[in-house]
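Inspection log for the structure reproduced underneath, given as structure tokens.
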Amino acid sequence: MPNSPEFPLLKTVSPPPLYGLVLLGGHSSRMGRDKALVIYHDRPQGLAAFDRLSAVCERVFLSCRAKQLEEPAFAETFRAMPLILDTYGNIGPLAGLLSAMETYSPAAWLVLACDMPLVNDAVMGALLSRRDPAKWATVFKSVASNSDKPAFEPLCAIYEPVCLPAFQAAAREGRTGLQSLLCDFEQKGRLSVISPKEALRDGQTALQGANTPDEARRFLLP
């Protein structure tokens with residue numbers, strides 16, 4: 001039907017491209033070795049997480065600190081992979097996320113920490129199906145144990161490019177905790193929130209992290 005005042009053509013806006021980011025930049029102090037090198041799925045977890053995101057993202061990158069590339073085992077495993085080096089100081093996971101968003105500012109980012117070996121297709125499907133590019137982020141939310149405060153999972157989430165200025169401002173002000181930033185986003189109506197029930201694996205959440213050797217042994221898969 002021709003365009004006319006009575007029947008105007010509707011413009012469709014494509015969502016930003018979705019890139020993947022595996023966060024490898026933690027210091028792994030409680031694990032005693034780099035968590036990206038722990039093997040759960042017959043290969044280092046950093047590579048397994050890269051494969052997980054590659055199935056659903058247009059491009060995938062590994063986020064790490066330059067210092068990590070001085071470690072022989074880390075460099076041998078990851079140097080040939082697409083890397084984005086942290087350009088921020090010791091501000092936690094926000095350093096990797098900000099570095100990636102500033103490198104490819106038009107993209108949205110599906111972020112996955114390298115210490116979450118149980119994340120599966122159901123988790124990825126929930127994030128993708130509930131993604132709302134009009135919001136700032138898509139995250140799982142529960143209630144923290146022994147508390148009535150909300151608990152978000154910021155390290156398995158989608159961040160839209162529109163939230164970059166808010167992250168940059170927060171970093172300048174020294175507000176680098178992703179939990180508190182997501183609380184601010186939610187209060188402003190900027191979050192697409194997912195129930196943790198959509199991330200269950202054999203009755204337990206697939207969003208658990210392995211931060212110690214004991215937790216790593218518990219998560220070793222047959």
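Structure data summary
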| item | result |
| --- | --- |
| Restricting segment 79-112 to residues that are closer than 18 Å to Lys35 by Cβ and in contact with a Pro (Cβ under 8 Å, 6 or more places away or on another chain), the residue that is modelled with the lowest pLDDT | Pro93 |
| In segment 11-40, the residues that are among the aliphatic types (A, V, I, L, M) and open to solvent by 70 Å² or more (accessible area, probe 1.4 Å) | Val13, Ile39 |
| Residue that is nearest to Phe74 (Cα to Cα), among those in segment 41-55 that are modelled with pLDDT of 95 or more and surrounded by fewer than 19 Cβ atoms within 10 Å (Cβ to Cβ) | Asp51 |
| Residues of segment 97-117 satisfying the condition of being more than 14 Å from the chain's Cα centre (by Cα) and not charged (D, E, K, R) | Thr103, Tyr104, Ser105, Pro106 |
| Looking only at segment 174-185, and only at residues there that are surrounded by fewer than 18 Cβ atoms within 10 Å (Cβ to Cβ) and not polar (S, T, N, Q), the one that is nearest to the chain's Cα centre (by Cα) | Gly177 |
| Matching residues, segment 59-70, being over 12 Å from Leu21 (Cβ atoms) and touching a Leu at 6+ places or on another chain (Cβ under 9 Å) | Arg65, Ala66, Gln68, Leu69 |
| Boolean, Ser129 is open to solvent by less than 10 Å² (accessible area, probe 1.4 Å), among the polar types (S, T, N, Q) and part of a helix (DSSP H, G or I) | no |
| Count of residues meeting criterion [without any contact (Cβ under 8 Å) to a residue 60 or more places away in the chain, part of a helix (DSSP H, G or I) and in contact with a Gly (Cβ under 9 Å, 6 or more places away or on another chain)] in segment 75-98 | 2 |
| Sole residue being under 19 Å from the mean Cα position of the chain (by Cα), at pLDDT below 80 and open to solvent by less than 50 Å² (accessible area, probe 1.4 Å), chosen from Ala216, Ala199, Ala210 | Ala199 |
| Filtered residue count, segment 24-57, keeping only those that are in contact with a helix residue (DSSP H, G or I) (Cβ under 9 Å, 6 or more places away or on another chain), part of a loop (DSSP other than H, G, I, E, B) and not aromatic (Phe, Trp, Tyr) | 15 |
| Selection status of Asn120, open to solvent by less than 40 Å² (accessible area, probe 1.4 Å) and among the polar types (S, T, N, Q) | yes |
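The values are calculated or read from the model by the stated rules, or taken from the named source; none is laboratory data. Everything numeric here is computed off the predicted structure, so don't read it as measured data. Please note: Cβ atoms are built from the backbone with ideal geometry, for glycine as well, and neighbour counts cover all protein chains shown. Note: areas computed on protein heavy atoms with side chains; ligands, DNA, RNA excluded. Shrake-Rupley method; radii C 1.70, N 1.55, O 1.52, S 1.80 Å.
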